[in-house]
Amino acid sequence: MDSVRLFHTDLGPADASALLLVHGWGGDGREWSPHAEALAGRFRVVVPDLRGHGRSPVPDEGNTPVEMADDLAALIDSLGAGPVVAVGHSMGGQVVNLLAVRHPVLVRRVVALDPAHGAHGAEVDGIPARFAAYRERGARAAAEFVAGAFAPDAPPGLRTAHVRTMLGTPDHVISQAYAGMYTDAGAVGIRPHSETYLRLRTQPALTVWTSEEAAVWERGTLRASGSRVEHWPDSGHYLHEEHLERTIRLVADWAEKTAHGWTERV
């Protein structure tokens, strides 16, 4: 399938090391605006809207993480920005890992924040019912999920902003993207499939989980030197916005690291 020409912003010095900041399911690049502004003094910061989301084109078919990763590869190539430090939240975390596996020369390091992989147990058991709801009710059903994804002390307005953005996402994009994460042939969201594709990743990767169990599991998948996993227990799913300054420091520190031939496990 042909790549989609993505709407994006490109801030900071053109000759600086590049960061790619990728939103999740039913979101758009606006959620990265404070991070981009803070980081653009030191880095080139590229913030896209994924296909089917925000201000990017909305294909009738193919609104899946694999196609989104290939779109990002085409964007990086067109900008001459690679290799990038690819940062993604939720579905965006799955997308940047797919980008790293499918287009390794374009990715220097990865940051995945509460990524959409590693599903197991009750979460897997609930996938058929959730997928049926997203096929039937689209963004309305997805907005109900989003509304419950925040910590009680999340910044005022954050929940409402994400519910509105989700409701503005086309229904077919919601269901196709969910299927692409979990139910399509080759989807990598369920744990055994996640383990297989994560082991193909050759770049150092930093993953942050809000679930301690998921953090422990992913530490066992690390193969690339310099990789690590962190657990942030004090956050809802949108941790990059609930803990803005902490996330900015994390990304900046990770982007400035060089590989030292070791694997750190936190």
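The values are calculated or read from the model by the stated rules, or taken from the named source; none is laboratory data. Here the structure is a predicted model, which is why all the values come from computation and not from measurement. Cβ coordinates were reconstructed from backbone atoms using ideal geometry, including for glycine residues, and neighbour counts include every protein chain displayed. Accessible surface is based on the protein model in full, side chains and every heavy atom, while ligands, DNA and RNA are left aside. Shrake-Rupley method; radii C 1.70, N 1.55, O 1.52, S 1.80 Å.
Return P(r) of the chain (all Cα-Cα pairs; 5 Å bins starting at 0; whole %; ordered from short to long distances).
1, 6, 14, 19, 21, 19, 13, 6, 1, 0
Quick one: of the DSSP bridges fully inside the chain, what percent are antiparallel, nearest 5?
Rounded to the nearest five, the antiparallel share is 15 percent.
Once you place label points 7 Å from the Cα toward the Cβ at D125 and V105, how far apart are they in nm?
Roughly 4.7 nm, to one decimal.
What number comes out for accessible area per residue over the range 1-105 if the probe is 1.4 Å? Units Å², please. Before the final figure, lay out the partial values.
On the way: 3810 Å² over 105 residues.
Accessible area per residue: 36 Å².
Only four residue types carry charge here, +1 at the Cβ of Lys and Arg and -1 at the Cβ of Asp and Glu. Report the dipole size of the chain about the Cα centre in Debye, rounded to the nearest 20.
Details: 25 positive and 33 negative charges, 86 e Å.
With Lys and Arg at +1 and Asp and Glu at -1, about 420 debye.
Can you compute the label reach from A132? Point 7 Å from Cα along the Cβ direction, backbone N cut-off under 20 Å, restricted to the range 174-188.
Zone members listed by number: 174-185.
Give me a comma-separated list of calculated 3J(HN,Hα) values for the range 151-163, in order, Karplus coefficients 6.51, -1.76, 1.60 applied at θ = phi - 60°, integers in Hz, x for any Gly or Pro.
Values, residue by residue: 5, x, 9, 4, x, x, x, 5, 4, 4, 4, 6, 4 Hz.
Go ahead and run the numbers for FRET between T183 and V58, Cβ-Cβ distance against an R0 of 22 Å, rounding to 0.05. Don't skip to the end; give the middle numbers.
On the way: r = 21 Å, r/R0 = 0.95.
Approximately 0.55, to the nearest 0.05.
In square angstrom, what is the accessible area per residue of the range 139-266 with a 1.4 angstrom probe?
Details: 5790 Å² over 128 residues.
For the range 139-266, the solvent-accessible area averages 45 Å² per residue.
Using the per-residue mean of other Cβ atoms lying within 10 Å as a proxy for protection, in what order, highest first, do the peptides 127-136, 14-23 fall? Please report the intermediate quantities before stating the final value.
Numbers: 127-136: 15.0, 14-23: 21.7.
Peptide ranking by packing, descending: 14-23, 127-136.
Sum -39500 (n - 2.57) across every DSSP H segment of at least 4 residues in the chain, then divide by the residue count to get the 222 nm mean residue ellipticity, nearest 500. It would help to have the intermediate numbers written out before the result.
On the way: 12 runs with 113 residues, N = 266.
Taken over the chain, the calculation gives -12000 deg cm²/dmol.
Can you compute the equivalent ellipsoid semi-axes for the range 1-137, i.e. the square root of 5 times each eigenvalue of the Cα gyration tensor, sorted largest first and rounded to whole Å? Mind showing how you got there, number by number?
Values: eigenvalues 138, 50, 40 Å².
Three semi-axes, in Å: 26, 16, 14.
Calculate what fraction, in whole %, of the accessible area of the chain sits on carbon and sulfur atoms when a 1.4 Å probe is rolled over the protein chains.
Numbers: 5720 of 11010 Å².
The nonpolar share, carbon plus sulfur, comes to 52 percent.
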